[in-house]
Amino acid sequence: MDEILAVLSRTTDGVYAVDRDQRIIFWNTAAERMLGYPADEIIGRPCHEIFHGEPRPGCLHCQPNCPVMRAASRHESVPTYNLLSRTREGRPILLNVSVIIPLDGTSPYATIHLFRDATHQLQYETYVDQILCAAARLPNPQTTLTQERPYAQSVYAPLSPREKEVLNLLVQGQAAQKIAQTLCISYATVRNHLQKILHKLGVHSQREAVKLAMEHRLV
């Protein structure tokens, strides 16, 4: 495992590892460059003190005994996830995180996290939101006879009761992992429901699905 970390220490991704108490015991130079924290200021501190994680749809929240650590304790794989954090200077940064769980039960490392800066995605979504807000303020065009049929009844296929439950939780800001916990179903099942919802609504992203659901009171 030390050999693997030696290799990861030279990657352009930020890398940190935590023990079973969620204390950081490895921190590479890319992590220091990305977040601004030197290793000697990080080692020994709980990861949730550093990364925090601010509320945002589709993002996990870094906290004690988080879903990642619970999955690691069961030696389950963890899907790549997003985390809205802040740098040492307080600048918001969106991190895309992958997790390696050592198979050796005697390893001092509970999890190894590789993360990269995905803030461009955050900036893009903010820009899109600004455009949508500006578009919403434009005067509505006159309704024609072909437009009188309600959009919500003519565009998408009916959702099943379970799909409506998933969509409702998505509108409330819950990420797929949280939806799975709320409904007591697997993460894979939630992802399957979400794909069907997007297909039935004729949209390409969860953000579009939420916007459509709110505009036409689908939930």
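The values are calculated or read from the model by the stated rules, or taken from the named source; none is laboratory data. In this text, all values refer to a predicted model and were calculated from it rather than measured experimentally. Glycine gets a Cβ as well: all are built from the backbone with ideal geometry, and neighbour counts include every protein chain shown. Calculation scope for accessible area: heavy atoms of the full protein, side chains included, ligands and nucleic acids excluded. Shrake-Rupley method; radii C 1.70, N 1.55, O 1.52, S 1.80 Å.
Residue by residue, here is whether (1) out of contact with any helix residue (DSSP H, G or I) (no Cβ under 9 Å at 6 or more places or on another chain); (2) over 23 Å from residue 118 (Cβ atoms); (3) not hydrophobic (A, V, I, L, M, F, W, C) holds:
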{"site": "10", "(1), (2), (3)": "no, no, yes"}
{"site": "28", "(1), (2), (3)": "no, no, yes"}
{"site": "55", "(1), (2), (3)": "yes, no, yes"}
{"site": "60", "(1), (2), (3)": "no, no, no"}
{"site": "64", "(1), (2), (3)": "no, yes, yes"}
{"site": "86", "(1), (2), (3)": "no, no, yes"}
Restricting attention to the stretch 26-42, and to residues there that are free of Cβ contacts under 8 Å to residues at least 24 places away in the same chain and of a type in the set (A, V, I, L, M), which single residue is least open to solvent (accessible area, probe 1.4 Å)?
30
Give me a count of the residues in the stretch 163-180 that are under 17 Å from residue 82 (Cβ atoms) and surrounded by fewer than 16 Cβ atoms within 10 Å (Cβ to Cβ).
1
Wholly within the stretch 1-110, helices (runs of 4 or more DSSP H) carrying at least 2 residues that are closer than 30 Å to residue 182 by Cβ and within 18 Å of the chain's Cα centre (by Cα):
47-51, 67-73
State which residue pairs qualify: first residue β-branched (Val, Ile, Thr) and inside the stretch 171-191, second residue not in a helix (DSSP H, G or I) in any location, beta carbons under 7 Å apart, and separation of 6 or more residues or different chains.
171/219; 182/174
The stretch 166-192, residues that are assigned to a helix (DSSP H, G or I) and either among the β-branched types (Val, Ile, Thr) or over 22 Å from residue 61 (Cβ atoms) (or both):
166, 171, 179, 182, 189, 190, 192
Within the stretch 97-104, is even one residue open to solvent by 40 Å² or more (accessible area, probe 1.4 Å) and modelled with pLDDT under 85?
yes
From the list 45, 56, 23, pick out the single residue that is among the basic types (Lys, Arg), touching a strand residue (DSSP E or B) at 6+ places or on another chain (Cβ under 8 Å), within 30 Å of residue 194 (Cα to Cα) and open to solvent by 50 Å² or more (accessible area, probe 1.4 Å).
56
